[in-house]
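One structure is given here, and the rest of the page talks about it.
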Amino acid sequence: MNYQELGLKAGIEIHQQLDTAEKLFCRCPTLLRDTAERTGEFSRYLRATESELGEIDRAAEEEMKLVRKFTYYTYDSVCLVEHDEEPPTPMNPEALEVCLTIAKMLGMTPAEQVHTMRKLVIDGSNTSGFQRTALVGLSGALPDGCLIETICLEEEAAQRVEGETFSLDRLGIPLVEITTAPCMRTPEAVQEVAGYIGMVLRSTGRVKRGLGTIRQDINVSIAGGARVEIKGVQELDLIAEVVRREVQRQVALLAIRDELRERGARVDQTVVDVTALFSGTKSSILKKAKSILAVRLCGFAGLVGREIQPGRRLGSEMSDYAKKCGVGGIFHTDELPAYGITAEEVARLREFVGAAEEDCVAIVAAGRERAGCAAEQVMIRAEMALAGVPEETRKMLDEGSSAYMRPLPGAARMYPETDVFPVVIDEPLWESITVPELLTHRAERFVSEFGLDEDLARQVAFSERLPTFEAAVAAGVRPTIAARTLLATCRELARDGVAVDRVSEDEILALLSAVEADRAAKEAIPDLLTELARTAGEGAGTPQERVDAVIAKMAPAVSQADVESIVRRVVAEREAFARERGMGALGPLMGVVMQELRGSVDGKVVSETLRRELGRLLS
Amino acid sequence: MRYANGGTALTGTYIAERDGMAVIKLDNGYNIGTSPQKIELVGRAAPQPPAGAGVVVQNPDLPELSIISTGGTIASRVDYRTGAVTSQFSASDILRAIPELGDIARYRDRQVASILSENMSPAIWQDLARAVYDEIRHGASGVIVTHGTDTMGYSAAAVRFMLKTPVPVVFVGSQRSADRPSSDNAMNTLCSAAVAAGDLGEVAVVMHATTNDDRCAIHRATRVRKMHTSRRDAFQSVGSAPLGYVDYPSLAVSLSDEAVRRGTGEPELRDALEERCALLQYYPGMPLSVLDAFEGYAGLVLSGTGLGHVSTDWIPRLRDMIEGGTAVVMTSQCLHGRVCDRVYNTGRDLLSIGVIEGEDMLPEVALVKLMWVLGNESDPEEARALMQTDLAGEIQRRSIA
């Protein structure tokens, strides 16, 4: 596709959890829990409040179509604030400082006075029914000149366990939201910008790492299309694909619109009760439904079933809208007969609603009220197809396609959080914010200063282990050993099933220092780490004591005299082999000696001793 | 407004001045504070269209309830521009906010006050009791009083002493602000309406029973106390079980055998109160001079330690006060349990100078009762006897908890 010609405009919103000690508006730890650790649960209903204009925000109203009961899991690491049973504390100053640091790194201007707002979210993910959010900075720029519009500090929502059940451990963790202008013109550019901002965020060393700690929302529109926000893209590598598929969807929807207009298509405004037609049906869904309603979409035949994105059809969009009424989905004649509905039933249905060949008929099956609501939603979405691409908030599906979530929220859904006082960002505070070195710069420095190769330097700089690496180097450990141990060795051991994550950073530091002090050979590192992992949690002892114990057990100190006597014995036992191979025996014999020494001695020392001994024998 | 800061200029709406900063709502919905010199006027916002009005049609076949508002919020509107939350008092506005109310009853509305409940006073309790009485006399099948939660217990008790009612008089409030989608206001109000339309025949407080939106408890006005600053289930019956529960969302009401039933007695109002009464919580080392402030008072309720004590140093001074005509009633800051001044010497000394044992009355309820008793009974011995007699469920003959 020629994205330039299509007029692609894309922007992103990046949500990144901050690694602060406490949550944004209470003093709970920012700790994620296993749902099995929950200490209780409670349930609530949410209800949107009428605004001054007698309006309910359209996104909030959409969520209100169903009166839903939400259940929340609670933990001993959660307090009454997350329960919405206590007013919030003042804004966490640590979180504000991290947010200001990021703002400064992105060249933004801070708000002079930060006001916390309540943003209505009544999908259950916030116990209060709103998310607290504050605009902290404005107008930053990316290296390519793309504008960063805003940075906001907000509280993370509770995560959905399943259905209408949420877990409160995540609720309230500080989150920065960075919003770019719609300044990207290709799918790849969006992914690059997301990667760059992610790097900036990690450069602070104060953001959470791991799956789910960073999420991207992507805004996409094409000329003649509409702004669509796709929420919750967690994998960086999928971003370009998400944009490509959304462009594809908008192009397809515009083509469908043109074809519908050409055909003079329209939506029949009467909903027809067709329950009786299916009294003897074999379709299990239709059989158990109290009410089956049909909507005639005149001139839509073939288009409802047309693919608009891999795995998605116009019918899927209608189905998403209908699901807001609590139905499982819809059937339409473009995909029938199927699902236990026979050709004969379809013919009867068409005849009953007076559908011509170019018409499509959609049916919904549910209880009376839900079916009525769903039929209306199908009509609404069909009308939208005549207009083109609706503005929507969508959620990403696996592989990069997306499904409808709710209309785009208006600015109307925000009003002040009166329980939190505004915070002034004055000159002294802003000046006191120090900007950390970018990880890309750090990687370059590791190459020039430490002589690491570029790949390893980059890996270290971007790794979560960076602080340990820097501590090790500061303690005098050779950078290459530190880097290889922290990245390559640990990864290889983990791959072999060793629980290296149970070895503390302090233990690794003590181990590396011991190697550097020649108390153990670097060849022994994997064995020592394995033993540390195996015995983790057993007995007490400082990291240093644990490392000493493991070295004593796995790789006791061996003197040069011991090395020489072992080498002499090994060579003597294999004299014939040595004489036959000459210096070529060095390699195989090296293996035998190292095996005996179990890595207690540096390989270089062993190889020199062995070479000397072989030379003596052969001379 | 045009807001210029850093590189870009943004537009927004001016809201207010705060701490020398101009608060503006940017077009993206966020408010920020800025120095006034960074903004300039570019135009005036179109005036807000009037708030959605219109009368909600009510079902004439349902019983009529009266909603009396005092300032507590059961329905509100939010101005998303300024953040101002406006309380709604008219029956139509309340019905628009909580439409399910229309399935329970018809409503008429009456406003007695529009104040924060910490600003309540005995004079407003009297206005309230008169208004409730008036509504009952005019045929209300039940009365709902919306009230700020801080002092709702005092008001409910005050109305209970002043008024005999054959229909339910239900006090209701909300602990979590009405603008939030999670507010307890709607559920509490629906439950209070179910009680007001039901079988109860006394004054009660209806509020969340637990942190869940699953049921409300019906508390006797003279046994209820706000026991938490912020939780939904802050109101608890102290020393007794609630009068019943309302399940939500079914709104099924269940009443205990203790609850007085609808139709018991005739409406009767005795609204005199003696306002020169006070409640004093004693603490170790409290200076005797504190009592100077209550010189000439008709009544003083002490919230004493444990079984009902104050320092022995206080005894001569209290004797003088009592001899001077102040009724002194002892309650306990333990809140739970009964006062007994016959166990320790200090208690026996207090009794000997004429301190009245407040039995298991809550200190605040004892204060309200003392105001009412002294307002209606001038004979000190009669007043003393009344203070120790259960008039409105405030004293239980047996301690069950």
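Values quoted throughout were computed directly from the atomic coordinates according to the rules given, and no laboratory measurement underlies them. Keep in mind that this is a model prediction, so the values were computed, not measured. When we count neighbours, we look across all protein chains shown, and the Cβ atoms used for this are built from the backbone with ideal geometry, even at glycine.
In table form, for the structure just shown:
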{"item": "Neighbour-count order for A:169, A:548, A:258, fewest beta carbons within 10 angstrom listed first", "result": "A:258, A:548, A:169"}
{"item": "Spatially proximal lysines relative to residue B:369 (Cα-Cα < 24 Å; intrachain offsets below 8 disregarded)", "result": "B:164, B:226"}
{"item": "Average beta-carbon neighbours from other chains, 10 Å sphere, peptide B:221-231", "result": "2"}
{"item": "Positive-end residue, the protein assembly as shown charge dipole about Cα centroid, Cβ charges, pick of B:58, B:197, A:212", "result": "A:212"}
{"item": "Partnerless cysteines, meaning none of the other Cys C-beta atoms lie under 4.7 Å away, in the protein assembly as shown", "result": "A:26, A:28, A:79, A:99, A:152, A:298, A:360, A:490, B:277, B:334, B:340"}
{"item": "Theoretical ellipticity at 222 nm over chain B - DSSP helices of four or more residues, -39500 (n - 2.57) apiece, nearest 500", "result": "-6500 deg cm²/dmol"}
{"item": "Spin-label pair residue A:279/residue A:427, simplified geometry with 7 Å Cα→Cβ offset, distance in nm", "result": "8.6 nm"}
{"item": "Alpha-carbon centroids, region B:360-401 and region A:359-428: separation in whole Å", "result": "59 Å"}
{"item": "Net charge of Cβ neighbours under 13 Å - reference residue A:213; Lys, Arg +1; Asp, Glu -1", "result": "+2"}
{"item": "Average beta carbon contacts from partner chains per residue of B:32-38, 10 Å cutoff", "result": "4"}
{"item": "HN-Hα J in Hz across region B:149-162 - Karplus 6.51, -1.76, 1.60, θ = phi - 60°, x for Gly and Pro", "result": "7, 3, 10, 4, x, 4, 5, 4, 5, 4, 5, 4, 6, 7"}
{"item": "Sorted by Cβ neighbour density within 10 Å, fewest at the top, the residues B:340, A:298", "result": "B:340, A:298"}
{"item": "Cross-link reach list, lysines versus residue A:290, counting only Cα pairs under 18 Å and skipping chain neighbours closer than eight places", "result": "A:282, A:323"}
{"item": "C-alpha center-to-center spacing [region B:221-263, region A:538-617] in angstrom", "result": "81 Å"}
{"item": "Normalised convex hull volume, region B:277-387, alpha-carbon set, Å³ per residue", "result": "85 Å³"}
{"item": "Under-5 Å amide H pairs with residue B:169, H placed in peptide plane, nonlocal only", "result": "B:143, B:202, B:203, B:204"}
{"item": "Violating pairs (Cα-Cα greater than 18 angstrom) within the set A:208/A:395; A:23/A:208; A:69/A:395; A:522/A:553; A:69/A:324; A:553/A:604", "result": "A:208/A:395; A:69/A:395; A:553/A:604"}
{"item": "Helix A:239-263 vs. chain A, principal-axis angle (Cα, 0 to 90°, nearest 10)", "result": "20 degrees"}
{"item": "Listed residue (B:345, B:321, B:376) projecting farthest to the positive dipole end of region B:277-387, Cβ model", "result": "B:345"}
{"item": "Positive minus negative residues near residue A:516 (Lys, Arg vs Asp, Glu; Cβ under 10 Å)", "result": "+2"}
{"item": "Gyration tensor verdict on region A:148-306 (Cα atoms; rounded if a/c is under 1.5, prolate if a/b is larger than b/c, oblate otherwise)", "result": "oblate"}
{"item": "Ranking of A:469, A:577 by count of other Cβ atoms within 10 Å, fewest first", "result": "A:577, A:469"}
{"item": "Under Karplus coefficients 6.51, -1.76 and 1.60, residue-wise ³J(HN,Hα) of region B:375-386 in Hz, glycine/proline x", "result": "x, 10, 9, 8, 7, x, 5, 5, 4, 4, 5, 5"}
{"item": "Residue mean of other protein chain beta carbons inside 10 Å, A:128-141", "result": "4"}
{"item": "For region B:355-365, 3J(HN,Hα) per residue [Karplus equation, 6.51 cos²θ - 1.76 cosθ + 1.60, θ = phi - 60°, Hz, x = Gly/Pro]", "result": "5, 8, 6, x, 6, 9, 5, 5, x, 5, 5"}
{"item": "Dipole magnitude of region A:211-266, debye to nearest 20 (Cβ charges: Lys/Arg +1, Asp/Glu -1, about Cα centre)", "result": "300 debye"}
{"item": "Computed helical MRE - 222 nm, chain A, DSSP H runs ≥ 4 contributing -39500 (n - 2.57), nearest 500", "result": "-12000 deg cm²/dmol"}
{"item": "Semi-axis lengths, Å, region A:560-618, gyration tensor of Cα atoms, sqrt of 5 times eigenvalues", "result": "17, 11, 10"}
{"item": "Scaled radius of gyration (Cα, divided by 2.2 N^0.38 Å) that chain A gives", "result": "1.27"}
{"item": "Calculated diffusion of region A:447-554, Stokes-Einstein form, Kirkwood radius summed over Cα pairs, 4 °C and 1.567 mPa s, µm²/s", "result": "93 µm²/s"}
{"item": "Charge context of residue A:544, other residues only, Cβ under 12 angstrom, K/R +1, D/E -1", "result": "-2"}
{"item": "Relative contact order, percent, region A:255-361 [alpha-carbon distance under 8 Å, six or more residues apart]", "result": "31 percent"}
{"item": "Directionally averaged projected area (convex hull, Cα atoms, chain B), nm²", "result": "24.3 nm²"}
{"item": "Region A:391-464 shape via C-alpha gyration tensor axes, a/c threshold 1.5", "result": "oblate"}
{"item": "Lys, Arg +1 and Asp, Glu -1 on Cβ, resulting dipole of region B:64-269 about Cα centre, debye, nearest 20", "result": "280 debye"}
{"item": "Two-decimal ratio, region A:343-428, of alpha-carbon radius of gyration to 2.2 N^0.38 Å", "result": "1.87"}
{"item": "Cα gyration tensor, region B:64-269 - rounded (a/c under 1.5), prolate or oblate", "result": "rounded"}
{"item": "In degrees, nearest ten, helix A:603-618 long axis to first principal axis of chain A (Cα)", "result": "40 degrees"}
{"item": "Nitroxide proxy distance, nm - points 7 Å out along Cα→Cβ at residue A:386 and residue A:478", "result": "7.7 nm"}
